[in-house]
Structures are given as C-alpha cells and as structure tokens.
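What follows is a set of notes on a single structure, which appears directly below.
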Amino acid sequence: MSAYAQPHPRFSVLSSSSLSSAELLSPSNSSARFSLPSAPSITTATGAPKPLSRPNIYDRPLNKTRTTEVSASAFAFMFSEVVQYMQKRVSGINDLERRLNTLGYRLGTRVLELMVWRAESTSKAPKREIRFLPALMSIHTNVWKAVFGKPADAIEKSVENEDEYMIIDNDPIVTRNISIPRDMSQLSCSSFTAGIVEAVLDGLGFPARVTAHNTPNETYPSRTTILIKLEKSVLEREELFK
Amino acid sequence: MAIFALWVINKAGGLVYQRNFAEGLAQLTSNEYLVLAGTLHGIHAITSRLSPTGSSSGAHVIEAETFKLTILLTATGTKFVLITSLAEPSANSVLQKVYEAYADAVMKNPFHTPEMPIRTEGFDARITALIGSGHT
C-alpha cells in the first residue's frame with residue numbers, strides 16, 4: 001500500500017490509485033489512463049533492433065518548437081469545451097474561476113521552466129529576477145509573448161493598496177470568442193490567464209493571489225485586468241532590499 | 001439596395017436567429033417567424049428533389065417581386081437566409097461572412113448550446129459590424 005500524501009491540488013496527478021509508479025508507467029498496463037509514446041522495445045523477437053524511425057517526443061530539442069504556432073480556432077474550441085466541462089461540475093461562478101485558475105496554474109509552471117530555459121540556458125551568466133518590478137516586467141513582456149505572441153498592453157500599480165499590481169490586456173486571445181451571459185457577468189474566463197501568471201510568480205518566488213476582472217471601456221469592450229495581490233512576505237522582502 | 005433581414009435556421013428546421021435591418025418587410029410576431037422558417041426549411045428540402053439538372057442541395061435564391069431570399073446551406077444542415085432587395089449584389093458574400101461570424105462567435109462560445117436560439121452578444125456585435133443598418 002503506497003503512502004502518498006494527497007498531492008497539492010494544483011499539481012496534475014496521473015491517478016489516485018495506489019499502484020506503484022512502475023506499474024503506472026508501463027506501456028503494457030492496460031489500465032493506464034494516458035497513452036505514452038511507445039519507445040521501440042530493445043528486446044525485439046529476432047535480429048538486430050530496428051533503428052528509431054523518428055525521435056521520441058522527449059528526446060526532441062527544446063528549442064525546436066520555439067516559434068511554432070498553434071491554430072487559434074483549435075485552441076478556442078478546446079477551451080470552450082474545457083469551460084463547458086467545468087460548468088457541469090462546479091457550484092458557482094467563484095468555483096468555476098478557481099478551477100480555470102488551477103488549470104492555468106499547471107500551464108504556468110511549465111511556461112516558466114521553458115521560458116527561462118530558452119532565455120538563459122545558452123548564456124554564460126544566467127540571471128534570475130529577484131526584485132519584484134523586473135519580474136513583473138518580464139511577465140508582462142516575455143510570458144505574454146511566449147504564450148500569446150505579443151506583449152500585454154499595460155502594467156499598473158494600485159494607488160489604494162501597496163500590494164496590488166495590474167496587468168491589462170485589451171483583447172485577450174483566450175476569451176476572444178466567448179460571450180458571457182448577462183446573469184454571469186462577474187465571470188471572467190481570463191481566470192485561466194490569471195492562473196498562468198500566478199504560477200510564474202510562485203515559481204519566481206513572489207507568492208500572490210491573482211484574479212481576472214472584466215474592465216471594458218469604449219474602445220475595448222473586452223478589456224481585461226489581471227489583478228495581482230502580493231503576499232505580505234514579498235512586500236517585507238522588497239522593503240529589506242531598499 | 002438594402003438588406004432587410006437575416007434568419008438562421010438549425011438543422012431541424014427551427015429558427016435560432018432572426019434580425020431585421022432596413023425597413024420594408026412587414027412586422028411579424030415571433031411565432032409567425034418560427035412558422036415561416038419551418039415552412040422555408042420544408043420547401044428547401046423539397047426543392048432539392050425538383051432540380052431538372054440532376055443532384056442539387058436545394059434552392060439557392062428565391063426571387064419575388066419586391067425582394068429575394070438567398071439561402072446558404074452549410075455542410076451541417078444549418079441554413080443562413082438573407083432577405084434583400086432585388087438589386088442587392090452582395091448577398092452571397094455577406095452570407096459567407098455571417099457564416100464566419102457564426103463559426104467564431106457562436107460555435108466557440110461555451111455558453112451557447114448548439115441548435116438552440118442564439119443569445120450571444122458577440123454574434124450580435126459582429127452582425128452589426130457586418131451589416132449595420134442594412135442600407136448599402
């Protein structure tokens with residue numbers, strides 16, 4: 001009987017059964033829930049092993065897909081299905097936003113790793129953002145460019161609260177084709193993007209609560225604000241740096 | 001030259017979207033629109049069998065004395081019907097753009113149930129941007 005503690009809900013879990021990981025990952029296990037790319041077996045029946053016809057996805061160089069693009073329509077359909085799937089299983093708008101946030105979080109951890117690796121792995125002196133404002137700037141430009149292909153539209157600092165910052169996107173790609181019905185006007189499907197930002201901030205060492213809000217104006221009816229509320233520890237640390 | 005109205009009819013023959021633009025058509029109740037759309041759906045199905053030149057997917061343009069109906073039948077059975085004045089030349093291209101707006105703003109919207117009446121703001125906005133007041 002394995003003694004796995006319940007993993008953090010933000011991390012994807014292959015299955016919650018008590019099978020050992022070796023059993024889970026074996027390609028011959030018919031109860032595995034995910035299909036794994038099957039590496040050709042070394043111990044084939046007769047003769048020399050066949051050469052690999054094409055590289056396994058895990059062996060592919062990470063920079064290979066740096067500039068590839070994904071069909072916006074394909075993403076829109078998949079995201080629409082994600083939202084519909086969640087709608088059947090949630091208890092309200094806040095729960096739906098939270099789940100979209102969690103989904104974005106899982107994406108954000110991977111985006112951060114890939115982005116930092118691609119930017120710094122070839123340099124002689126890889127650097128890491130330790131102050132908050134440069135980290136925020138890097139999110140505003142690099143993360144948005146890596147995920148959406150263009151930098152975000154604005155960064156703002158809240159005047160009322162010391163710990164609140166905002167990233168503004170005038171026409172978020174994720175929600176371009178989504179029309180929220182009138183009775184759910186508080187919902188913002190950009191909670192997905194907020195989750196991505198939250199994961200990147202967590203990974204860089206700036207824990208925060210990130211939420212998305214619709215803030216339309218005349219020129220941009222779908223303008224969205226990603227609100228970042230930093231935790232006290234971050235503010236205290238920034239004070240020490242000064 | 002004017003565009004009078006746009007109807008979208010689902011694959012079962014039910015009217016899912018109806019909107020008037022330029023004046024010129026009689027004002028009908030929503031029930032009458034539903035009946036007319038269902039009738040058109042039936043007639044369209046019959047016309048696909050009446051073609052003198054072999055296989056046909058149904059009537060494309062139906063002309064009357066003061067207006068014409070242009071029908072775009074999609075691969076999934078949805079019909080986009082544009083009611084315009086007789087001289088309007090752009091009915092086909094407008095219908096193609098309406099179809100594109102439908103694919104974007106309606107089909108990708110998670111809050112829309114397929115084959116149900118369209119109550120999507122994004123679609124309304126795009127149709128307004130496309131057709132406007134209907135006067136060309």
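Bear in mind these aren't lab numbers, they're just calculated from the coordinates by the rules spelled out. Since the structure is predicted, the reported quantities are computational estimates derived from the model, not experimental observations. Methodologically, a virtual Cβ is constructed for each residue, glycine included, from the backbone with ideal geometry; neighbour enumeration extends over all protein chains shown.
Taking the criterion of being part of a strand (DSSP E or B) and either out of contact with any Phe, Trp or Tyr (no Cβ under 6 Å at 6 or more places or on another chain) or at positive phi (or both), the residues of segment B:5-14 that qualify are B:Ala5, B:Leu6, B:Trp7, B:Ile9. Residue count for segment A:163-182 under the criterion of being within 11 Å of chain B (Cβ to nearest Cβ) and not β-branched (Val, Ile, Thr): the result is 5.
Within segment A:68-93, residues that are within 8 Å of another protein chain (Cβ to nearest Cβ) and on the phi < 0 side of the Ramachandran plot reach partners that are among the small types (Gly, Ala, Ser) and surrounded by fewer than 16 Cβ atoms within 10 Å (Cβ to Cβ) with beta carbons closer than 9 Å, at six or more positions or on different chains, in the pairs A:Ser73/B:Ala103.
Results for (1) surrounded by 16 or more Cβ atoms within 10 Å (Cβ to Cβ); (2) within 14 Å of chain B (Cβ to nearest Cβ), shown as yes or no for each residue.
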| residue | (1), (2) |
| --- | --- |
| A:Asn161 | no, no |
| A:Met184 | no, yes |
| A:Ile196 | yes, no |
| A:Val200 | yes, no |
| A:Leu204 | yes, no |
| A:Asn214 | yes, yes |
| A:Ile226 | yes, no |
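Collect the residues in segment A:177-200 that are within 18 Å of the chain's Cα centre (by Cα) and within 20 Å of A:Glu218 (Cα to Cα), keeping them in residue-number order. Result: A:Ser188, A:Ser190.
The one condition from (1) within 23 Å of A:Arg118 (Cβ to Cβ); (2) in a loop (DSSP other than H, G, I, E, B); (3) in contact with a Ser or Thr (Cβ under 8 Å, 6 or more places away or on another chain) that A:Ala199 does not meet is (2). Scanning segment A:140-157 for residues that are in contact with a Phe, Trp or Tyr (Cβ under 8 Å, 6 or more places away or on another chain) and in contact (Cβ under 8 Å) with a residue 12 or more places away in the chain returns A:Ala152, A:Ile155, A:Glu156. Within segment B:91-129, if we keep just the residues that are within 14 Å of the chain's Cα centre (by Cα) and farther than 30 Å from A:Gln87 by Cα, the residue that is farthest from the other protein chains (Cβ to nearest Cβ) turns out to be B:Ala91.
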